[in-house]
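Structure, as structure tokens:
The values are calculated or read from the model by the stated rules, or taken from the named source; none is laboratory data. Just so it is clear, the model here is predicted, and its values are computed rather than measured. Note that we place each Cβ from the backbone using ideal geometry, even for glycine, and neighbour counts take in every protein chain shown.
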Amino acid sequence: MVLSVILTIMFSACNNSERGASIMPVGVELHEGDVVFRRGSGLTSRVVIGVDSQGAYSHVGIVVDSAGTKMIVHAVPDEHDYEGDIDRVKMDKPEVFFNDVRALRGEVRRHIDAEAGRKAASEAVALYRRRIPFDHDYDDSDTTRMYCTELVTYAYRKAGSPLRGIQHHELVFLSLETNCVLPSDILGCKDLQKIIKF
């Protein structure tokens, strides 16, 4: 239980409020399969940096096309769309994902193979449509629930283009332990090229 609470804080967004404005610069063109990163403005960010000492971000998602509109699919706790909503895989507009209430800074990375990106985006949409719950245990072996970095790595692997060089980190809290992928692992993947940092 303690591990679940700590990891939920680690990977959650900073605030549920929709006030504020997007930190993403106007004119940024997102492509299907782009991996987007954000760093929060509060305690969550400090916890992530404490655990992911090589990283600058606390949350990741993947860009998809939804009826001609670019959206971001991501697995996140505590960002409910309505009363009674569960922690789950969500699809948000970029301006919601990068809302300044949730994000101090962000980055967009693009897969070197555009077709791999499109296929991974399609896999991410399928996860969203299945309403996959958020994985509070951070267990990659159980794909019936997902956390943010697991969703991105799973989508690319399922699309036939696994992200190379991704490591798992053993996190131990009291007597509980888990192996999980951290945002810095995806950020450092050589299959992804930096498009913009803001």
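Just to be sure, is Val73 more than 15 Å from Gly106 (Cα to Cα) and not basic (Lys, Arg)? Spell out how you get there, then give the answer.
Numbers: more than 15 Å from Gly106 (Cα to Cα): yes; not basic (Lys, Arg): yes.
Yes; evaluated as a whole, the condition is true for this residue.
Under 8 Å by Cβ, and 6 or more places apart or on different chains, what pairs join a residue from region 47-74 that is closer than 28 Å to Arg118 by Cα and outside any loop (DSSP other than H, G, I, E, B) with one that is at pLDDT 95 or above and of a type in the set (Phe, Trp, Tyr)?
His59/Phe37; Val60/Phe37; Gly61/Phe97; Val64/Tyr128; Ile72/Phe97; Val73/Tyr128; His74/Phe97
I'm trying to understand the selection: among the residues of region 53-81, which are among the hydroxyl-bearing types (Ser, Thr, Tyr) and under 14 Å from the mean Cα position of the chain (by Cα)?
Start the filter on region 53-81 by keeping residues that are among the hydroxyl-bearing types (Ser, Thr, Tyr), which leaves 53, 57-58, 66, 69.
Scanning region 53-81 gives Tyr57, Ser58.
Pick from Val28, Val89: which is at negative phi, part of a strand (DSSP E or B) and either surrounded by 19 or more Cβ atoms within 10 Å (Cβ to Cβ) or modelled with pLDDT of 95 or more (or both)?
Working: Val28 fails: part of a strand (DSSP E or B).
None of the other options fit; the residue is Val89.
Quick check on Gly165: is it small (Gly, Ala, Ser), surrounded by fewer than 14 Cβ atoms within 10 Å (Cβ to Cβ) and either closer than 24 Å to Val125 by Cα or without any contact (Cβ under 8 Å) to a residue 24 or more places away in the chain (or both)?
On the way: small (Gly, Ala, Ser): yes; surrounded by fewer than 14 Cβ atoms within 10 Å (Cβ to Cβ): yes; either closer than 24 Å to Val125 by Cα or without any contact (Cβ under 8 Å) to a residue 24 or more places away in the chain (or both): no.
So Gly165 does not fit the description; no.
Do the conditions hold for Thr149, that is, is it among the polar types (S, T, N, Q), buried (at least 16 other Cβ atoms within 10 Å of the Cβ) and in contact with a Phe, Trp or Tyr (Cβ under 9 Å, 6 or more places away or on another chain)?
Answer is yes for this residue.
Can you tell me which residue among Val60, Val51 is in contact with a helix residue (DSSP H, G or I) (Cβ under 8 Å, 6 or more places away or on another chain), among the hydrophobic types (A, V, I, L, M, F, W, C), within 19 Å of Leu182 (Cα to Cα) and modelled with pLDDT of 95 or more? Write out each step before concluding.
Working: Val51 fails: modelled with pLDDT of 95 or more.
Just one listed residue meets the conditions, Val60.
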